[in-house]
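One structure below.
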Amino acid sequence: MNGLPANETRFLAGAGEIAAQIPDGAVLALPPDYSLVAMEVVRALIRKKSRNLKLLGVPVLGFCADLLIGAGCVAEVETSAVSLGEAGLAPRFTAAAESGELKVMDATCPAVHTGLQAAEKGVPFMPLRGVLGSDLVEQRSDWKVLQNPFSPAQDPVLLLPAIFPDVALFHARWADRAGNVWIGRRKELATIAHAAQRCYVTYEELREGDMLEDELLAPGVLSSVYVTAVAQAERGAWPLGVADLYTIDDAHIAHYAKEAKTREGFQRYLDEHVYQGRTARVRDRAAHR
Amino acid sequence: MNTYTREELLACAIARLIGDARHVAVGAASPIPATACALLRARGIGLRISLLHKRSGNPFTEGSRELFDLAGQGRIDVFFLGGAQIDGEANVNLVRAGTNRFPGSFGSAFMYFAAKRTILFREEHSRRTLVPRVDFISAPGWSPPEVWRRGGPQALVTGKALFAWQKESRRFRLESVHPGYTVEEIRDDTGFDYDVASPVVNTEMPSREELALLRGPVAREIAANYPEFARRVWAGAA
């Protein structure tokens, strides 16, 4: 994939249309469950039978990645962890990693941030303190250890290559008519949008006017210059949350954690919550708009 | 004698280890360390707590990288790390053991270096978790002198005992055994070799005052961010 976002953000009809823009094999950067996750698009990717996606966890992954992995959409993950938080291990990730079906490139949180920050700045690499002596360094042939050129004393330092994801995908509270999106304090979303070739965002509500004209909203705005396309998805992060609107549905995640322990249970979950039910109704409504 | 839960005992032990820190950061899935921090605050100690997973009003406005930037700058005094495996050189493994896959290293490979002190915490105290040598080093317990490192391990707290870390000899020393366990049991259940303090004492039990705070303001605060944990430990109290 190539081509950075054009001047104008496109407005698409729904999460399904965003999913249609994400090709098989894409490197897809995703935020953690506690940030703003475009779950409606994730479900649409499963329905359209996406394949060979490479997920980048910024800096970790959870429920949304476990769904994609279990549904067979993912060939590889680069992440600092995959877990369901208080609900425990991510069952489909664990099974796929243990069986060797899934390639895992282990990282550590600030290494992911640093690689993306290098991409934001357009520099080829950036250094990071710490990490030396971790087996991660041995395992990651793309990471290098060099002497700090500014130090007269021996001072080895880790260098990380810039990370350029194909697609950044997340959810936002608002989009406006100008194509800006409001992400509030979730600045890791800005980081992945800056670093990625394309950026797709679902949003809860459309705001009239231009949020960049509002001094109070502007610091939480990601400018349309980074946004390829948006689509409305009310409660589009469910069962994950959106600050001040709805919280993560702990009971649902706990139910999922239990079901997804077996392949059959996972399939039941998909049938109920991805292929049918609430999700499908929302999707159908969007299609008829 | 006061009755208390194991979680309350561990939170009180961790609160004592935190001591006079000014800024403590708590990472993923760490309700007991978070409880220890909340207990110190409830006692009126002016401690800044950065809870990575605080559900509302979390302290960061620069996204999930801000915690690591704070630590890199030297602004984090105490951090907590767990491990699927921890060995006698304080190496931590969060990635894999044998055929088992664990969630991953999170920020450990950086935070263990950058935070001034790290308290290792793992409830399960067994030869499965406390091993002679970890299968994978997510974060090393010590570094050679030429490697930049601001801090490292301070202590290891488990569900059965408390070990202090001895930086010079790179070995743990058994300091205290939680009520209900013996020094011999600890030896049997620990896969790595360690020194033993003389005397080894019993881990101090929570005081009446600590328990009152834990079951009141602390329980309410923790319930907001770790609802499952709070329900389990303080059902009805919060």
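The values are calculated or read from the model by the stated rules, or taken from the named source; none is laboratory data. The structure presented is a predicted model; accordingly, all values stated were derived computationally and were not measured. Cβ atoms come from the backbone with ideal geometry, glycine included; neighbour counts cover every protein chain shown.
Evaluate the following for residue A:119: is it touching a residue at least 60 places away in the same chain (Cβ under 8 Å), over 21 Å from residue A:37 (Cα atoms) and not assigned by TED's automatic domain parsing to the domain that holds residue A:230?
Values: touching a residue at least 60 places away in the same chain (Cβ under 8 Å): yes; over 21 Å from residue A:37 (Cα atoms): yes; not assigned by TED's automatic domain parsing to the domain that holds residue A:230: yes.
The answer is yes for residue A:119.
Residue A:163 falls short on exactly one of the conditions (1) out of contact with any Asp or Glu (no Cβ under 9 Å at 6 or more places or on another chain); (2) more than 12 Å from chain B (Cβ to nearest Cβ); (3) surrounded by 22 or more Cβ atoms within 10 Å (Cβ to Cβ), and that condition is (1).
Residues of the stretch A:121-177 that are over 26 Å from the mean Cα position of the chain (by Cα) and among the hydrophobic types (A, V, I, L, M, F, W, C): A:132, A:145, A:146, A:150, A:153, A:157. On the given criteria, is residue B:103 over 14 Å from the mean Cα position of the chain (by Cα), facing another protein chain (nearest Cβ under 8 Å) and either closer than 20 Å to residue A:89 by Cβ or at pLDDT 95 or above (or both)? Yes.
Criterion first (free of Cβ contacts under 8 Å to residues at least 60 places away in the same chain and touching a His at 6+ places or on another chain (Cβ under 8 Å)) does residue A:226 satisfy it? So residue A:226 fails the test.
When the stretch A:231-248 is limited to residues that are surrounded by fewer than 16 Cβ atoms within 10 Å (Cβ to Cβ) and under 21 Å from residue A:87 (Cα atoms), the one that is modelled with the highest pLDDT turns out to be A:246. Pairing each residue of the stretch A:151-174 that is over 23 Å from residue A:221 (Cβ atoms) with any residue that is part of a strand (DSSP E or B) and basic (Lys, Arg), provided the two are 6+ apart or on different chains, yields C-beta distances under 7 Å for A:159/A:144; A:166/A:198. Here A:126, A:105 are screened, and the one residue that is among the aliphatic types (A, V, I, L, M) and farther than 22 Å from residue B:69 by Cβ is A:105. Where strands (runs of 3 or more DSSP E) fall entirely within the stretch B:128-216, none has at least 3 residues that are surrounded by 19 or more Cβ atoms within 10 Å (Cβ to Cβ) and acidic (Asp, Glu).
Test of understanding: among B:138, B:143, B:169, which residue is modelled with pLDDT of 95 or more and farther than 23 Å from residue B:27 by Cβ?
B:169 is the lone residue from the list that is modelled with pLDDT of 95 or more and farther than 23 Å from residue B:27 by Cβ.
Pairs meeting the criteria (first residue in the stretch B:135-154 and at the interface with chain A (Cβ under 8 Å from one of its Cβ atoms), second residue small (Gly, Ala, Ser) and surrounded by fewer than 17 Cβ atoms within 10 Å (Cβ to Cβ), beta carbons under 6 Å, at least 6 apart or on different chains) are B:149/B:143. The set of residues from the stretch B:92-127 being in a loop (DSSP other than H, G, I, E, B) and either acidic (Asp, Glu) or buried (at least 19 other Cβ atoms within 10 Å of the Cβ) (or both) comprises B:94, B:95, B:102, B:103, B:104, B:105, B:106, B:107, B:115, B:123, B:124, B:125.
Scanning the stretch A:97-152 for residues that are small (Gly, Ala, Ser) and within 7 Å of another protein chain (Cβ to nearest Cβ), we see that the one that is surrounded by the most Cβ atoms within 10 Å (Cβ to Cβ) is A:130.
Name the single residue, out of those in the stretch A:45-60 being over 8 Å from the mean Cα position of the chain (by Cα), among the aliphatic types (A, V, I, L, M) and buried (at least 24 other Cβ atoms within 10 Å of the Cβ), that is nearest to the other protein chains (Cβ to nearest Cβ).
Checked the stretch A:45-60; the qualifying residue nearest to the other protein chains (Cβ to nearest Cβ) is A:60.
Would you confirm, using the coordinates I've provided, whether residue A:201 is assigned to a helix (DSSP H, G or I) and under 21 Å from residue A:12 (Cβ atoms)? So residue A:201 fails the test. If you go through the stretch A:82-129 and keep only what is on the phi > 0 side of the Ramachandran plot and touching a Gly at 6+ places or on another chain (Cβ under 7 Å), you end up with just A:85. Please work out which residue is surrounded by the most Cβ atoms within 10 Å (Cβ to Cβ), limiting yourself to the stretch A:169-189 and to residues that are within 13 Å of another protein chain (Cβ to nearest Cβ) and either among the basic types (Lys, Arg) or touching a helix residue (DSSP H, G or I) at 6+ places or on another chain (Cβ under 7 Å) (or both). Among those that are within 13 Å of another protein chain (Cβ to nearest Cβ) and either among the basic types (Lys, Arg) or touching a helix residue (DSSP H, G or I) at 6+ places or on another chain (Cβ under 7 Å) (or both), it is A:170.
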